[in-house]
Amino acid sequence: MSVLRIVIAGGGPAGMTLAHRLHRHGLDVTVYERDCGVATRDPGYRLHINSTGTTALHAALEPALWELFLATSGMPDEGMPLYDEHLTLRPARDTKATEGVGAPVSDIPEHLVVSRSTLRRILHLGLEQVVRFGVKVVGYRSNPDSTVTVLLDDGQTVEADVLIAADGINSAVRAQRLPHARVIDLGARHIVAKIPLTDQTRAMIPAQLLTTFSLAYDSDHTGLTFGPLERSNPDSPLIKEQDDEFQAEARENFALTIFNSVNEKMMPDAELFTASPQRLRDYVMARLTSWHPALVDTVQLWDVTTVQALTLRSCVPVGAWEPSNVTMMGDAIHAMSSALGIGANTALRDAHVLGEELLAVTDGYRAVVEGVGAYEERMRDYGFAAVRLSAAVGEQVIGHRPLPE
Ligand SMILES: Cc1cc2nc3c(=O)[nH]c(=O)nc-3n(C[C@H](O)[C@H](O)[C@H](O)COP(=O)(O)OP(=O)(O)OC[C@H]3O[C@@H](n4cnc5c(N)ncnc54)[C@H](O)[C@@H]3O)c2cc1C
């Protein structure tokens, strides 16, 4: 068959991992990313990656990029302790749901942590000719000859054989492909920030918070999470081969902290999303006055330039649909509560499964729509299960609203 023209909307973890897998196998793939460049926006802070994610990345990345990924990742201790607001341990939670389903890759641990920004930089290396920055996909037209015309925000169009929406929770393609699919507000808000980890700040943080991801919360589900990222091999020669910005970033260790509250206890949205970062930090300090002083002190260490407020949202799983040559992956179809830290891992699993199916199509084993349908069937199963499980855990631990049936 002639070479498949594959267009991916969105250069996040899902879209870029799939692009690597397909590009490595010589397929014709183009990614349209709305951001103007790889570093024009901080894509967030820290991600927990389990064996589901590492399996997908290992299959997609060239060996040198995989090694660069490992060198810049952190390898935290096992366990995810829960505390109350007095820093007293709560009963341990079952962490099974945070574990992946991937095949073990060499001798790396089940749980890694990565800087989102560094992962983004790595995922763009080697795909400079594949990614078009500063272009938004706004919709598509399905054509009678089984091709799809992709509509771009600059008025241009591009012809493709397959369109894959990897454009995140507000996906324009999903809105057209599955207009009945809903995204709901879970009724909780995060205020997130980074703490730089230096000898000075480490000395001021309780030792038990420095080794793994921890969450403290009170009886109202007001919570403070702490997730350190200490790069495993900052002196790697592979890092030294990268540009100055990459090298500087890959030497930085930091902790992600998240203040969490249900809406009823949080300042109104109109204030939350317009307040200055300093004001948000002061607000968090004020909410935690009765908490253990060591926890409150960590908020003093927030890098104010990194503070921002977020809304917790989730997709609501929908029933099966007829496959076509327009499909969706990652947050575009199964954005979920952040309670388990498995959204990106599930997105990477999509890249792995869809990659396999598209390679089978180009090898002549399947027709395009059959391959997409096989992917969608598997994805609905594990993806929507992850959405429901994350919502159930978030309801218990974060106190957010349940998902509608
Ligand atoms: C506070 C918080 C913590 C989290 N922690 C974890 C964790 O530890 N582990 C984990 O597995 N998951 C975690 N998640 C979930 C994770 O962030 C997402 O599941 C993951 O980013 C989804 O990847 P994606 O590539 O599907 O979408 P995104 O990361 O949203 O990427 C979408 C990309 O598409 C681009 N784009 C958007 N619209 C368009 C358009 N119209 N045209 C072109 N480009 C477009 C965007 O700029 C972006 O680059 C967390 C989420 C939150 C909110």
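Entry remark, region 149-189: residues being assigned to a strand (DSSP E or B), over 16 Å from Thr327 (Cβ atoms) and in contact (Cβ under 8 Å) with a residue 40 or more places away in the chain number 10 in total.
Filter region 336-351 for residues that are surrounded by 24 or more Cβ atoms within 10 Å (Cβ to Cβ), assigned to a loop (DSSP other than H, G, I, E, B) and in contact (Cβ under 8 Å) with a residue 60 or more places away in the chain; which is farthest from the ligand (Cβ to nearest atom)? Of everything passing the filter in region 336-351, Ser337 is farthest from the ligand (Cβ to nearest atom).
If we scan region 352-371, do we find a residue that is under 17 Å from the mean Cα position of the chain (by Cα), crowded, with 16+ Cβ neighbours inside 10 Å and either touching a residue at least 40 places away in the same chain (Cβ under 8 Å) or assigned to a loop (DSSP other than H, G, I, E, B) (or both)? Scanning region 352-371 turns up at least one residue that is under 17 Å from the mean Cα position of the chain (by Cα), crowded, with 16+ Cβ neighbours inside 10 Å and either touching a residue at least 40 places away in the same chain (Cβ under 8 Å) or assigned to a loop (DSSP other than H, G, I, E, B) (or both).
Scanning region 379-398 for residues that are more than 21 Å from Leu348 (Cα to Cα) and either crowded, with 23+ Cβ neighbours inside 10 Å or acidic (Asp, Glu) (or both) yields Gly394, Glu395, Ile398. Ala39 fulfils the conditions (1) over 19 Å from Asp153 (Cα atoms); (2) within 15 Å of the ligand (Cβ to nearest atom); (3) at pLDDT 95 or above except for a single criterion, (3). Among the residues here, Asp167 qualifies as crowded, with 21+ Cβ neighbours inside 10 Å, within 19 Å of the chain's Cα centre (by Cα) and not aromatic (Phe, Trp, Tyr). Of the residues in region 302-321, at least one is more than 10 Å from the ligand (Cβ to nearest atom) and among the acidic types (Asp, Glu). From the list Leu229, Leu186, Leu178, which residue is farther than 25 Å from Asp42 by Cα, at pLDDT 95 or above and within 16 Å of the ligand (Cβ to nearest atom)? Residue meeting the stated conditions: Leu178. Among helices (runs of 4 or more DSSP H) entirely within region 42-127, having at least 3 residues that are within 15 Å of the ligand (Cβ to nearest atom) singles out 51-60, 116-124. Considering only residues in region 251-282 that are of a type in the set (Ser, Thr, Tyr) and within 15 Å of the ligand (Cβ to nearest atom), the one that is nearest to Leu119 (Cα to Cα) turns out to be Thr257.
Any idea which of Thr211, Thr222, Thr201 is surrounded by 20 or more Cβ atoms within 10 Å (Cβ to Cβ), in contact (Cβ under 8 Å) with a residue 60 or more places away in the chain and among the hydroxyl-bearing types (Ser, Thr, Tyr)? Just one listed residue meets the conditions, Thr222.
The values are calculated or read from the model by the stated rules, or taken from the named source; none is laboratory data. Just so you know, these numbers come straight off a predicted model, no measurement behind them. FYI the Cβ positions are ideal-geometry reconstructions off the backbone, even for glycines, and counts take in every protein chain you see.
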